[in-house]
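See below for the structure under consideration.
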């Protein structure tokens, strides 16, 4: 599917960071490795989800702030080529687009270890402008089903204010919020342990966001850190709005609860992993794609036909993640819907 990226009304709006993942050599340090061993890939969770949705054929907009630099221009070209609506994209004349240092182990698993490119003012994504956003967003919300966000904008005052404005406008337009927690301690404190759980201050900022999600996606370790449980039904019960909850656990599979019936569980597809960066974002893109096609999937009901369709949607999303794991970077390996269907026709599970 193709459409005019400046004019098409999106079904999903992805709001947040677009950045470069600087992948170090397997087993090496991206901060010290020679340039020829580094692999720079455009990424950032909301940008990844936007590109994944566009590849699958769902009209989508990306809302974020890029630096007026080579990376920002590369993003604009990529998103335009994918068919992503950029009518609410912001440009920062002083701050650069963020570069994230990503260490990979021999198995392709990644660990975020700080940033590069800061010139003393921070990064463009931290300065998302709330007033500018408030003027741009209503036109996009008119036909949207979902506003997809993560927790990283909460780490900076300006972007947190912009996120709050977006959530308020989405509620006014009846647009549901899909939250991928995407907890990254180094975005809150560059000196933090990349594996640290949210502290008291972060939890206080996260809680109101968690309570506004209609769909909540968490990695297993995020579920443990925030709720002390990996059970999606228990997590939903801990929140006043009782959202649909999906808990992903890499190669161990995924569990979900969509409002009724037993918790669903699906094992991960066993595929060779070149780089797991962006697999969760591809999963979320696949799930939102299916929810746009079948919004009734989140209607609480325990009857078997609906449960089977929910499982099919999760299986589709898992296939999107598995296919991304087999390539490098988060965006380049993203599949189209036909490639996902072909993959699913060749595997069991």
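Some notes on this structure:
- Among the criteria (1) more than 24 Å from residue 236 (Cα to Cα); (2) in contact with a helix residue (DSSP H, G or I) (Cβ under 7 Å, 6 or more places away or on another chain); (3) surrounded by 15 or more Cβ atoms within 10 Å (Cβ to Cβ), the one residue 193 does not fulfil is (3).
- Looking at 206, 121, just one residue is outside any strand (DSSP E or B), under 26 Å from residue 24 (Cα atoms) and modelled with pLDDT of 95 or more, and that residue is 121.
- The lone exception for residue 79 - which of (1) closer than 23 Å to residue 317 by Cα; (2) at pLDDT 95 or above; (3) in a strand (DSSP E or B) it fails: (3)
- For the residues 52, 72, 44, the requirement of being within 19 Å of residue 163 (Cβ to Cβ) and touching a residue at least 24 places away in the same chain (Cβ under 8 Å) singles out 44.
- In region 315-349, residue nearest to residue 41 (Cα to Cα) [restricted to those that are in contact with a strand residue (DSSP E or B) (Cβ under 9 Å, 6 or more places away or on another chain), crowded, with 24+ Cβ neighbours inside 10 Å and modelled with pLDDT of 95 or more]: 321
- From the list 202, 196, 191, the one residue that fits, being under 18 Å from residue 159 (Cβ atoms) and out of contact with any strand residue (DSSP E or B) (no Cβ under 6 Å at 6 or more places or on another chain), is 202.
- Filter result (part of a loop (DSSP other than H, G, I, E, B) and either touching a residue at least 12 places away in the same chain (Cβ under 8 Å) or crowded, with 21+ Cβ neighbours inside 10 Å (or both)) within region 179-190: 181, 182, 183, 184, 190
- Test result for residue 240, at pLDDT 95 or above, surrounded by fewer than 17 Cβ atoms within 10 Å (Cβ to Cβ), out of contact with any strand residue (DSSP E or B) (no Cβ under 7 Å at 6 or more places or on another chain) and within 28 Å of residue 123 (Cα to Cα): no
- Failed condition for residue 95, given (1) assigned to a loop (DSSP other than H, G, I, E, B); (2) within 23 Å of residue 276 (Cβ to Cβ); (3) modelled with pLDDT of 95 or more: (2)
- Of all residues making up region 40-69, the number that are at pLDDT below 95 and either in a helix (DSSP H, G or I) or surrounded by fewer than 24 Cβ atoms within 10 Å (Cβ to Cβ) (or both): 3
- One residue stands out among those in region 254-267 that are surrounded by 15 or more Cβ atoms within 10 Å (Cβ to Cβ) and in contact (Cβ under 8 Å) with a residue 60 or more places away in the chain: the one that is farthest from the chain's Cα centre (by Cα), which is 266.
- Verdict on residue 233 being under 20 Å from residue 321 (Cα atoms), surrounded by fewer than 21 Cβ atoms within 10 Å (Cβ to Cβ) and at pLDDT 95 or above: no
- Region 98-118: number of residues that are modelled with pLDDT under 95 and part of a loop (DSSP other than H, G, I, E, B): 7
- Selection within region 273-301 - out of contact with any helix residue (DSSP H, G or I) (no Cβ under 7 Å at 6 or more places or on another chain), within 30 Å of residue 42 (Cα to Cα) and modelled with pLDDT of 90 or more: 292, 293
- Of the candidates 201, 132, 164, the single residue that is surrounded by fewer than 19 Cβ atoms within 10 Å (Cβ to Cβ), part of a helix (DSSP H, G or I) and touching a helix residue (DSSP H, G or I) at 6+ places or on another chain (Cβ under 8 Å) is 164.
The values are calculated or read from the model by the stated rules, or taken from the named source; none is laboratory data. As the structure is a prediction and not an experimental result, all values here were calculated from the model. In this analysis, Cβ positions are derived from the backbone assuming ideal geometry, glycine residues included, and neighbour counts consider all displayed protein chains.
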